[in-house]
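The structure appears below as structure tokens.
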Amino acid sequence: MHFHGADILSIDPLERSDLATIFEVAAMMEVYAEHQKITRVLEGAVLGNLFFEPSTRSRVSFETAFYRLGGSVTNILDKTATSIVKGESLEDTIRVMGGYADILVIRHPEEGALKECAEATTCPIISAGDGAGEHPTQALLDLYTIMKETTRSLDEINGLSIAIIGDLKHGRTVHSLVKLLLLFHHIHFSFISPKELSLPSDLLERIASHGHSVREGTDLIHGIRGVDVIYMTRIQEERFLSPSEGERHRGSYSLTKDLYELACGPHARVPILHPLPRDSRPGALEIAHDLNNHPALAIFRQARNGIPLRMALFALILKVTDKIKKEHSLQ
Ligand code: NCD
């Protein structure tokens, strides 16, 4: 993939060699993300951060990543704060915003809306999630986290065994992560969900046609036994047609310390990931609080990894990687 000026709307156009490029730059960004070194390579550049759906982590992490590179950020956090309420089309809004910024990050509640945005402007767009579609940058940081937590190189992702649990039908981070893992060989997928919330059939077909192995089931303990990585997700209640349908699935899966030790062993270090937010309402809790201080709980390290990973994407798309590499070697 040619990164300069590119949109990142889906995992589809990415190749395995692109992952090596992104992760290499992300690794270099870690010292800047942690403020151990300072760079201003994006001084004067503006990010338009457009979130038409609630978000904390993704929005703030894109924003922080841009600031850490020396750039400035304009935030639009709500459709009701834009001229869309005056009847302006999404296309016009994006065309105008694209003229004000060097790069846009957009989250939109409708699947496919980001494609429409990309057609409206030449300004590069990074998707921060489109409805139940995809969330490509979350999947990239998830894989980056998997590599770090399991101390695997990119090549060693081949053969990985991963359990993905929860709302696999609506979970856009799951859709992007599955697509990303399809770039490797011999992945063992263990999908655990209520039957009605299983992985969309087109993705299952893609997995089968790439020769990976799949186990689908509803039982948490059985599904996580023997895997290398556990990826929990939230029931995406906002995607259901009626709130009661979503509530019906609340608390379908809750990983507790006891269940984890029963399935993985008393001294296990099988990393537990979650894109967050974890639903902490009574009866939900995908990961119980008794795992909060467990060394295998990777969720907060995972969220932190979003900064260097998103810095890497900004640097590649805005073509400042050579500049920062030069600074990096001189400092
Ligand atoms: C996810 C999302 O928005 O899809 N959150 C995130 O960006 N980290 C997952 C979720 O909302 O459950």
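The values are calculated or read from the model by the stated rules, or taken from the named source; none is laboratory data. As the structure is a computational prediction, the values presented were derived from the model and not from experiment. As a convention, Cβ positions derive from the backbone with ideal geometry for all residues, glycine included, and neighbour counts pool all protein chains shown. Only protein heavy atoms, including side chains, enter the accessible area calculation; ligands, DNA and RNA are left aside. Shrake-Rupley method; radii C 1.70, N 1.55, O 1.52, S 1.80 Å.
Placing +1 at every Lys and Arg Cβ and -1 at every Asp and Glu Cβ, with all other atoms neutral, what dipole size does region 46-143 have around its Cα centre, in debye to the nearest 20?
I would put it at about 360 debye.
State the volume of the convex hull built on the alpha-carbon positions of the chain, expressed per residue in Å³ and rounded to an integer. Mind showing how you got there, number by number?
Values: hull volume 44.7 nm³, N = 331.
Taking the convex hull of the Cα positions in the chain, it is 135 Å³ per residue.
Considering the options Gly211, Phe184, Leu241, tell which one lies farthest towards the positive end of the dipole of region 136-303, charges being +1 on Lys and Arg and -1 on Asp and Glu at the Cβ, about the Cα centre.
Phe184
Using a probe radius of 1.4 Å on heavy atoms only, what accessible surface per residue do you get for region 136-303? Whole Å² is fine.
Per residue, region 136-303 has an accessible area of 41 Å².
Over 23 Å between C-alpha atoms is what I'm after, so list which of Lys179/Lys323; Lys148/Lys319; Lys115/Lys179; Lys179/Lys326; Lys148/Lys179; Lys37/Lys325 land there.
Lys179/Lys323; Lys148/Lys319; Lys179/Lys326, as the Cα separations exceed 23 Å there.
Which is farthest toward the positive dipole end of region 187-331 among Ile272, Ser329, Leu309, measuring Cα position about the Cα centre, with Cβ charges +1 (Lys, Arg) and -1 (Asp, Glu)?
Of Ile272, Ser329, Leu309, it is Ser329.
What's the extension gain from Glu34 to Thr218 if we count 0.36 nm per residue and subtract their Cα-Cα distance?
This chain segment gains 62.3 nm when fully extended.
What's the Cα-based Rg to Rh of region 136-303, Rh via Kirkwood?
Here Rg/Rh amounts to 0.93.
Stretch Ala6-His210 to full length: gain in nm at 0.36 nm per residue minus the Cα-Cα span?
This chain segment gains 70.8 nm when fully extended.
Any idea what log10 I(q)/I(0) is at q = 0.21, 0.22 Å⁻¹ for region 220-262, Debye with uniform C-alpha scatterers and no solvent?
Cα-only, vacuum Debye calculation for region 220-262: -0.74, -0.78.
Could you give each residue of region 238-248 its phi-based ³J(HN,Hα) in whole Hz, using Karplus coefficients 6.51, -1.76, 1.60 with θ = phi - 60°, and x for Gly or Pro?
Going residue by residue, I get 5, 8, 7, 5, 10, x, 5, 5, x, 4, 4 Hz, with x marking Gly and Pro.
If Lys and Arg each add +1 and Asp and Glu each add -1, what is the summed charge of the other residues whose beta carbon sits under 9 Å from the beta carbon of Glu134? Intermediate results must be reported in sequence, preceding the final value.
Numbers: positive: Arg172, Lys179; negative: Asp12, Glu111, Asp130.
Once positives and negatives cancel, what remains is -1.
Could you work out what % of the accessible surface of the chain is carbon and sulfur, using a 1.4 angstrom probe and leaving DNA, RNA and ligands out of the count?
Values: 7220 of 14210 Å².
Accessible surface attributable to carbon and sulfur in the chain totals 51 percent.
Length gain on complete extension for the stretch His188 to Asp155, per 0.36 nm per residue less the alpha carbon to alpha carbon distance?
Here the answer is 10.4 nm.
Evaluate E = 1/(1 + (r/R0)^6) for Thr74 and Arg95, where r is the Cβ-Cβ distance and R0 equals 22 Å; express this FRET efficiency to the nearest 0.05.
After rounding to 0.05, the efficiency reads 0.90.
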